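Read the structure below first, then the notes.
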Amino acid sequence: MRAVELEGRVVAAIDARRNANVPPEDDFVECKGRWPEKDKARQLAGLANRAAGEPVVLIVGFDDRSGEVVDPGATDPADWWQGMVGQFDQTPLDVLRHMLVHISATEKVHAFAFGTDRVPYVVKNGQGRDVPMREGTSTRSAYRHELLRLLLPSIGHPPSTLLKVDMWLNSGGNTGGAERKSLNGYVTPFVEHMGTSPLMLPTHAMRASIAYGDTVKELSISPSIPTSPIGQPRPKSPASAHGAELRTDGVVLTGPAAFPLQVHLSELLTSDYDEAKAADSIQFSATLPIAGTNRPIKLNGELTRQPLDDWYKGEGRGESWHFIFRSTGEPISEA
């Protein structure tokens, strides 16, 4: 995991807790106010076993209940980890990176990224051994079927990048009916699938949300399938040796590809619309599960307000606000 990626995940988790009251802990992130004692090795092992190959993040010095950055105590990180290693049976987690992440001019936390590609992780338990598994924000012993899934060959989790997001906040217009407020947009991820077998990203399991101010809203998300003129058959997007096939039931990846997804939120409440309209930026996140594995693709980005194109300023189109995200690098073609 790159340093900037670790910083981004830590800052995003803390900002989500502070700005939108979204719990920062999930199947990939753990927060501790103080340096964890040795008995917390079981929690780390459970987190790693649940992630099953995906890097996990430990934030030390952040109280996720109060949302405050706190002093974790005078402990040398290297000494702390050596004490934790002794609690694992044979194979501990791999420390990919440790760094101090600044949250503000006066606040900083310790952040660790751990590799989890050597599952299952086993911890010592008295005179015996235990294979922990995270469930929500708690830890329990793994079931047999979970151990089988850890031991069976798994589908590779491809590196993924969020390339761009375009969203339009709309109100009114000459629609012939009552004024409606909505949010619509397009999302373009790039998935570096290099395996020999296809990957399926099922539509029914896709999730997306936006956060602004104190509001979090779930979005509908699905493949953006090309349309055709009225009276003509819809053009098909055939699978190729290197690309993505867009279907109503999901996206089939047979190689590395960028592909469009559409998102929308209809019937937006006036209060939520006004809050979004006043926001300078919107936090976007999406989860794209991979069929046959419990390791989803996760996408996150911050959308900023942009001047409207002239097309959206026409008479009778109502009110519209444009928010966009662009990844770093070369400009992305709109074609």
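Data table
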quantity	calculated
Across Lys181/Lys217; Lys164/Lys298; Lys32/Lys298, pairs whose alpha-carbon gap is larger than 20 Å	Lys32/Lys298
Sparse-neighbour loop sites [GluC sites (Glu not before Pro); segment 18-96; at most 14 other C-beta within 10 Å; DSSP]	Glu37
Solvent exposure, largest accessible area first (probe 1.4 Å, DNA, RNA and ligands not counted), of Tyr273, Tyr143	Tyr143, Tyr273
Virtual paramagnetic centre 7 Å along Cα→Cβ of Ser220, amide N under 17 Å, in segment 269-289	269
Peptides ranked, highest mean first, by Cβ atoms within 10 Å: ranges 99-108, 116-125, 45-54	45-54, 116-125, 99-108
Cα→Cβ-extended label distance, 7 Å offset, between Met99 and Thr161, nm	1.7
Surface/4 estimate of mean projected area, convex hull on alpha-carbon atoms of segment 26-119, nm²	5.9
Total formal charge among the other residues, if their Cβ is under 14 angstrom from that of Pro55, Lys/Arg +1 and Asp/Glu -1	-1
Segment 60-211 - charge dipole about Cα centre, Lys and Arg +1 at Cβ, Asp and Glu -1, debye rounded to 20	580
Packing-based ranking, highest mean first, of 7-13, 126-132 given that Cβ atoms within 10 Å are counted	7-13, 126-132
Cα centroid separation - segment 251-267 against segment 93-154, whole Å	30
Accessible area expressed per residue, segment 1-149, with surrounding protein chains retained (probe 1.4 Å, Å²)	51
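The values are calculated or read from the model by the stated rules, or taken from the named source; none is laboratory data. This one's a predicted model, so the numbers in the text were calculated from it and none came from an experiment. FYI the Cβ positions are ideal-geometry reconstructions off the backbone, even for glycines, and counts take in every protein chain you see. For accessibility, only protein heavy atoms count, side chains too; no ligands or nucleic acids. Shrake-Rupley method; radii C 1.70, N 1.55, O 1.52, S 1.80 Å.
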